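All remarks here apply to the structure that follows.
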Amino acid sequence: MDLNKIFIKDACPTKCGGQAVLEGIMMKGPERSSVCVRLPDDSLYIKTEENKKPSRVAKLPFIRGVFVFIASLVQGMKTLMFSADVLEGYEGEGQIEYEEDKLSKWLTDKFGEKGAWNVMLYASVIFSIVFTVVIFIIGPTFVVNWAKRLTANEVVLNLIEGLLRIALFVIYVALIARMEDIKRVFQYHGAEHKTIHCYENDLPLTPENAQQFYTLHPRCGTSFLVFVMVIALALFSFLGWPNLLWRIVSRLLLLPVIAGISYELLRWAGRSDSWVVKILSMPGLWLQKLTTNEPDESQLEVAIAAMQAVIAEEGDYGIGRCDKKGRIIEHIDFTDKEEKSDPMLQIIETRETKL
């Protein structure tokens, strides 16, 4: 691993970031976000929208990390569900099939179509948070509670808890990385990083230019999670080793503090190439070797289209098939139930409106 190819001296760090989704990429810039997906017919499908303006409070150092963390969870789940809806909704030459399961139908009848989608979205986010807290926060401190029989040293107990938390996370990532679908998602993750490197080095956004860069990036969300676990280990050590209930409560209460500090460290790591930053970033970069894979040219095309839509001088907001520069060439919504009855009619109406 050549750190000079990760902390590139002449690169200009940006606020652009992203996330891999099913057969695609979500890119987010200062003004707009886009999600680009590769359809089964090999065409590109994109949704571009303007970012919501953050409040003044959400811009304050350390506090902004908490807002970014929560917003990332919601947007991440939202874009993941969007990519799944697109791939599920698309069938062949513009033919769309849609069949609601019993739960979706009940939610739609109860809350309406948009309300049902929001319920499923936030339920997924809540489940993800609860799963993460139980497995990686409560679980380790509960298990290490038995280690008091071996040692009464509070520093050692906190160290064991922190190392167990990190080990569980690494094992979890290593296991899911073996799944075929996740391997492709991690390829798109690599394509996202290569494309951002290419853009930050002021090179034309082409698969050939992007391919020369590493799949590792110092400002990756994977590094953020490693910062979270390392900072948690340090902060929890100052709390001693009280009873199990207080340990669980204190760890939950400190999560916003940990998220805030971790976010500021990540921003610093993305702007600096000092040796201190490189040392702090190494665990996250090692873990990125598990969460990123080398992409092929078609996956880089998707990432580049998503990036082009984000950095365009004039936003082409909307949803539909796009060219390799992220510009919509055919408006059609594969995720809208009303349009699923006759998708080609939507295309015809859009073209007639332009004429």
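The values are calculated or read from the model by the stated rules, or taken from the named source; none is laboratory data. As the structure is a computational prediction, the values presented were derived from the model and not from experiment. Note that we place each Cβ from the backbone using ideal geometry, even for glycine, and neighbour counts take in every protein chain shown.
If only one of PRO40, PRO61 is modelled with pLDDT of 90 or more and part of a loop (DSSP other than H, G, I, E, B), which one is it? That would be PRO40, the only listed residue that is modelled with pLDDT of 90 or more and part of a loop (DSSP other than H, G, I, E, B). Could you grab me the full set of residues in segment 264-300 that are in contact (Cβ under 8 Å) with a residue 12 or more places away in the chain, over 15 Å from LEU3 (Cβ atoms) and in a helix (DSSP H, G or I)? Correct list: GLU264, LEU265, LEU266, ARG267, ARG271, LEU287, LEU290, THR291, GLU297, SER298, GLN299, LEU300. The residue that is farthest from CYS198 (Cα to Cα), among those in segment 306-332 that are of a type in the set (Val, Ile, Thr) and surrounded by 20 or more Cβ atoms within 10 Å (Cβ to Cβ), is ILE332.
Of all residue pairs spaced 6 or more apart or on separate chains, those with beta-carbon atoms under 6 Å, a first member in segment 156-171 that is among the small types (Gly, Ala, Ser) and a second member that is crowded, with 16+ Cβ neighbours inside 10 Å and modelled with pLDDT under 90 are GLY162/LEU233.
Residue by residue, here is whether (1) closer than 21 Å to SER262 by Cα; (2) among the β-branched types (Val, Ile, Thr) holds:
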{"site": "THR195", "(1), (2)": "no, yes"}
{"site": "GLU200", "(1), (2)": "no, no"}
{"site": "GLN211", "(1), (2)": "no, no"}
{"site": "TYR214", "(1), (2)": "no, no"}
{"site": "HIS217", "(1), (2)": "yes, no"}
{"site": "VAL228", "(1), (2)": "yes, yes"}
{"site": "ILE231", "(1), (2)": "yes, yes"}
{"site": "LEU235", "(1), (2)": "yes, no"}
{"site": "PHE238", "(1), (2)": "yes, no"}
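Being more than 16 Å from the chain's Cα centre (by Cα) and either modelled with pLDDT of 90 or more or over 29 Å from GLN187 (Cα atoms) (or both) is a description that does not apply to LEU265. So is ARG271 at pLDDT below 90 and over 24 Å from the mean Cα position of the chain (by Cα) or not? No: the conditions fail for ARG271.
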